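Enquirer: First, the structure itself, so that you have it in front of you.
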Amino acid sequence: MLQPNPLETQPAKPRLPIPPPLMMSEAGSFANLTLCQRWPTILQRVMAENDFPPSINQNLETLSQELPDGMVRSLHDDTGPDLAAWASYIAPYQGQRWIDVPWFFAEVYLYRRILEATHYFLPGQWQGVDPFAPQKWDSLAKVMPSIPAMIYQINQFINSRGNATNAIALLYFALWGNRVDLSLFPTDAQEQERTRIETSEEQAHILVDDTSTIADRIISFKRVQIDFIIDNAGFELLCDLCLADFLLTTEAADQIYFHLKPHPLFVSDAMIQDVLYTVEVLVADSDRELQLLGHRLQDHIKQSRLICCDDFFWTSPLPFWEMPEQLRTNLAQSQLIFSKGDANYRRLLGDCEWPFTTPFTDIVSYFPAPLAALRTLKAELAAGLQPQQVNTLNQKDPHWLTNGQWGVIQFVDT
């Protein structure tokens with residue numbers, strides 16, 4: 001696990017002047033709703049679903065009561081290896097109200113404060129305990145009955161070797177798996193309904209679709225390095241593992257790196273332990289098709305072809321253009337990087353108020369390797385859209401930016 005270094009950052013930035021960040025102070029915005037309603041609900045679920053002692057629950061309740069008008073403060077009573085980094089992240093906002101600081105900073109800071117409150121980094125009974133594990137495990141258990149048919153089809157893709165049609169199907173799986181996000185849709189929602197992927201219907205909901213270009217790139221590969229910047233555990237992670245298995249088994253990739261979070265974040269974000277747990281669940285399932293996939297994944301991991309790694313940069317509030325030089329150098333070795341999910345997309349854009357028609361390429365030109373961004377929209381930002389698309393969407397679906405029903409698959413050959 002690389003140690004964080006807030007001073008060691010990459011100076012490359014987007015080609016265009018960077019607009020202001022998304023803020024939470026605008027009444028009626030999704031960011032404001034998140035601060036005032038979604039975050040208190042998430043904190044209540046953490047208290048309800050864990051067997052924490054009264055002292056930890058009181059910490060969480062105190063944190064909830066800070067929202068939205070309490071003050072940003074430094075971390076304390078914490079031995080986390082990222083403390084020095086967080087001191088630098090907090091400094092510009094120290095003493096400001098939550099509602100007055102940028103949304104993405106506040107969101108990542110909230111989850112880091114949850115770890116402080118639950119003693120995640122302190123020696124003792126609760127050290128290393130994921131406060132969101134009950135929701136993650138419940139979510140995965142609920143989708144398991146709905147996936148054998150999908151896994152059977154993916155196993156057929158493997159048997160028929162690589163071709164563009166199969167790669168396209170798996171890319172669509174990887175996109176729509178992002179709909180299952182526990183910070184937006186908790187486990188009492190209908191997981192099985194959200195994991196349905198009807199290709200013909202869903203294609204109409206892809207606002208930018210570079211899938212064919214990405215698939216053509218994939219089938220031209222022969223034993224290259226491919227990287228995934230992973231988002232959610234559960235169904236999305238399962239879809240990512242299926243795509244990785246396809247790339248490794250068909251020898252498009254020689255090695256795949258899964259870049260994961262070093263600690264819990266955004267309720268459902270995946271850590272190394274979530275990958276290993278998911279593979280174990282597949283191997284232990286009674287369905288033979290799931291077992292086959294699980295055993296292949298185990299072999300990929302044992303042979304160091306599927307490499308799970310983490311870095312504190314992935315749990316920082318920094319935009320991706322402030323990536324540490326060592327991490328940037330490592331990613332530059334890749335022939336293709338998949339950026340998964342909404343939060344990673346927000347970081348690609350710096351969580352800033354870009355006009356929705358701003359060319360995506362002009363923003364992410366700083367990225368160190370060819371990039372495929374797969375995202376379902378759950379925040380009020382976008383790039384690379386056409387003006388008429390935006391007008392039509394505003395009329396057709398007033399919540400298109402935040403309801404997770406619309407997606408993009410965007411490719412940039414940086």
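Read-outs: derived from the displayed coordinates by stated rules, not from any lab. Every value quoted in this text rests on a predicted model; they were computed, and no experiment measured them. Don't worry about glycine lacking a Cβ; one is built from the backbone with ideal geometry, like all the others, and counts go over all protein chains shown.
Enquirer: Can you give the FRET efficiency to the nearest 0.05 for Asp69 and Arg288, using r as the Cβ-Cβ distance and R₀ = 41 Å?
Expert: Details: r = 56 Å, r/R0 = 1.37.
The pair Asp69/Arg288 has a calculated efficiency of 0.15.
Enquirer: Now for a separate question. If each DSSP helix of 4+ residues adds -39,500 (n - 2.57) and the sum is divided by the residues in the chain, what number results at 222 nm, nearest 500 deg cm²/dmol? Mind dumping the intermediate values first?
Expert: On the way: 18 runs with 178 residues, N = 414.
Roughly -12500 deg cm²/dmol at 222 nm, from the helical runs in the chain.
Enquirer: Could you calculate the contour length gain from His76 to Asn394, that is, 0.36 nm times the residue separation minus the distance between their Cα atoms, to one decimal place in nm?
Expert: Working: separation 318, 0.36 × 318 = 114.48 nm, distance 4.42 nm.
Extra length from His76 to Asn394 when fully extended: 110.1 nm.
Enquirer: May I pose another question? Which residues make up the longest stretch of the chain clear of trypsin sites (Lys or Arg not before Pro) that lie in a DSSP loop with no more than 16 other Cβ atoms within 10 Å, not counting the sites? Walk me through the numbers before you get to the answer.
Expert: Values: sites that count: Arg15, Arg73, Arg161, Arg196, Lys222, Arg223.
So the longest stretch without any such site is 224-414.
Enquirer: Moving on to the next point. What does a probe at Asp51 reach in the range 247-289, counting residues whose amide N is under 11 Å from the point 7 Å along Cα→Cβ?
Expert: none
Enquirer: Here's a follow-up. Between Gln94 and Glu251, take the C-beta separation as r, use R0 = 56 Å, and let me know the FRET efficiency to the nearest 0.05. List each step's numbers first, then the result.
Expert: Details: r = 52 Å, r/R0 = 0.92.
So, using R0 = 56 Å, E works out to roughly 0.60.
Enquirer: With contacts defined as alpha carbon pairs under 8 Å and 6 or more residues apart, what's the relative contact order of the range 196-349 in percent? Write out the running numbers ahead of the final one.
Expert: Values: 197 pairs, mean separation 44.6, N = 154.
Answer for the range 196-349 is 29 percent.
Enquirer: Here is a further query. Among 206-212, 105-111, how do they line up from the highest to the lowest mean number of other beta-carbon atoms within 10 Å? Display every interim value, and only then the final one.
Expert: Values: 206-212: 19.0, 105-111: 21.7.
My ranking of the peptides, most packed first, is 105-111, 206-212.
Enquirer: What relative contact order, as a whole-number percentage, does the chain give when Cα pairs under 8 Å and 6 or more residues apart are counted? Let's see the in-between values first.
Expert: On the way: 718 pairs, mean separation 85.9, N = 414.
Relative contact order here is 21 percent.
Enquirer: For the range 133-412, give the share of DSSP beta bridges that are antiparallel, in percent and rounded to the nearest 5; count only bridges with both residues there. Mind showing how you got there, number by number?
Expert: Details: 7 of 30 bridges.
In the range 133-412, DSSP labels about 25 percent of beta bridges as antiparallel.
Enquirer: Which order do Asp77, Asp240, Asp138 fall in if you start with the one that has the fewest other Cβ atoms within 10 Å?
Expert: Values: Asp77 10, Asp240 29, Asp138 16.
Going from sparsest to densest Cβ surroundings: Asp77, Asp138, Asp240.
Enquirer: What does the extension gain come out to for Gln125 and Leu33, with contour length at 0.36 nm per residue minus their alpha carbon separation? Don't jump to the answer; show the numbers that get you there.
Expert: Details: separation 92, 0.36 × 92 = 33.12 nm, distance 3.44 nm.
Stretched fully, the Gln125-Leu33 segment lengthens by 29.7 nm.
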